[in-house]
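Visitor: What follows is a structure written as structure tokens; I'll ask about it next.
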Amino acid sequence: MKIIVCMKQVPATTKVEIDEETGTLKRTSADSRTNPFDLFALECALRIREQVGGTVTVLTMGPQQAESMIRDAYMMGADDAVILSDRKFAGSDVLATSHTLSQGIRLLGGADLIICGKQTTDGDTAQIGPAIAEHLHLPHAAWVGAIESVSDTTIRVRQDLSSEFQVSEMDFPCLITVDKDICVPRLPSYRRKAAAYEKPIQVYSCADLPEPDLTRFGLVGSPTTVERIFPPPSGAGSVTLEGSPAEKTDQLFSLLAAAKYF
């Protein structure tokens, strides 16, 4: 079975720089980590590979600093990895990002199963996975909380939908997005860690994609725009209350009343 896991690097700190002109994060200026939800997606892929065989390929879109995330994925057990990196991808919204990733999947010859984390901690839209499936015209199941069974031709999953569960069975090829309660990601292996630094990482640009139509990538291909984005002020306006619990209560009540919270 050929499994592709879509992963992303996200800021590891709240101290990020904003491009005021485009309203996008300056990702190369911030410390980064693997999006936590994507670790669960990778673990699911590795467990499925252990059960039915096959390969696990990690696919990401971003600057080449994403190589550090790829090395971590190799340490967990991923077989191959691809980075889609091009300045033309910068500033992508959900539509442009999902289109780019779907193009990357087509470049790799498709997959039997595509697995994404439910959402990212920087965007939180939870839309990328289903949007990729729509671009590829694949059946998909989002918010998967458990994988009930996998065969050579089908996968059966339980979707955790706010107030109820839904069990879905799909033929391959298909796509799922997984929630954080689905499993516990394994720790990197020392043996794989030693080998991870020697494993190759394929890097492709926009020109390498099957349909390099520049109107569908990056800011140009993003129909949604951010009117304004800014980091919240750090430590501004903090007030220290002193005295007994009763005195602090009175002070807090006065502050809230002055701010017209009630």
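The values are calculated or read from the model by the stated rules, or taken from the named source; none is laboratory data. Quick caveat: nothing in here was measured; it's all calculated off a predicted structure. Cβ sites come from the backbone with ideal geometry, for glycine too, and all protein chains shown count toward neighbours.
Visitor: Name every residue in region 64-86 that is surrounded by fewer than 19 Cβ atoms within 10 Å (Cβ to Cβ), free of Cβ contacts under 8 Å to residues at least 60 places away in the same chain and under 25 Å from Leu214 (Cβ atoms), in order of residue number.
Guide: Once the filter is applied, which keeps residues that are surrounded by fewer than 19 Cβ atoms within 10 Å (Cβ to Cβ), free of Cβ contacts under 8 Å to residues at least 60 places away in the same chain and under 25 Å from Leu214 (Cβ atoms), region 64-86 yields only Gln65.
Visitor: Only strands (runs of 3 or more DSSP E) wholly contained in region 134-188 count here; list those with 1 or more residues that are more than 19 Å from the chain's Cα centre (by Cα) and of a type outside the set (S, T, N, Q).
Guide: Result: 140-150, 154-161, 164-171.
Visitor: Would you please name the residue that is surrounded by the fewest Cβ atoms within 10 Å (Cβ to Cβ), looking only at residues in region 141-154 that are of a type in the set (A, V, I, L, M, F, W, C) and in contact with a strand residue (DSSP E or B) (Cβ under 6 Å, 6 or more places away or on another chain)?
Guide: Step one: filter region 141-154 for residues of a type in the set (A, V, I, L, M, F, W, C), giving 141-144, 146-147, 150.
Going one step further and asking which of them are in contact with a strand residue (DSSP E or B) (Cβ under 6 Å, 6 or more places away or on another chain), we end up with 141-144, 146-147.
Numbers: Ala141: 23, Ala142: 22, Trp143: 21, Val144: 27, Ala146: 17, Ile147: 19.
Per the stated criteria, the residue is Ala146.
Visitor: Of these, Ile70, Ile83, Ile105, which one is β-branched (Val, Ile, Thr) and closer than 17 Å to Ile176 by Cβ?
Guide: Ile105
Visitor: As an exercise: evaluate Lys15 against (1) surrounded by 23 or more Cβ atoms within 10 Å (Cβ to Cβ); (2) out of contact with any helix residue (DSSP H, G or I) (no Cβ under 8 Å at 6 or more places or on another chain); (3) modelled with pLDDT under 95 and give the number of the one condition it does not meet.
Guide: (1)
Visitor: Further, regarding this structure: Consider Ser92 against the criteria (1) closer than 15 Å to Gln9 by Cβ; (2) in contact with a Leu (Cβ under 8 Å, 6 or more places away or on another chain); (3) of a type outside the set (Lys, Arg); (4) not in a loop (DSSP other than H, G, I, E, B): it satisfies all of them except one. Which criterion is unmet?
Guide: (4)
Visitor: Out of region 225-234, which residues are within 22 Å of Pro63 (Cβ to Cβ) and modelled with pLDDT of 70 or more?
Guide: Scanning region 225-234 gives Thr225, Val226.
Visitor: Within region 203-222, does at least one residue satisfy the condition of being loosely packed, with under 14 Cβ neighbours inside 10 Å and at pLDDT below 90?
Guide: Checked region 203-222: no residue is loosely packed, with under 14 Cβ neighbours inside 10 Å and at pLDDT below 90.
Visitor: Of all residues in region 104-133 being assigned to a helix (DSSP H, G or I) and not aliphatic (A, V, I, L, M), which is surrounded by the fewest Cβ atoms within 10 Å (Cβ to Cβ)?
Guide: Taking the candidates together, the pick is Arg106.
Visitor: Restricting attention to region 144-164, does a residue exist that is touching a residue at least 40 places away in the same chain (Cβ under 8 Å), under 22 Å from Ile70 (Cβ atoms) and of a type in the set (Ser, Thr, Tyr)?
Guide: no
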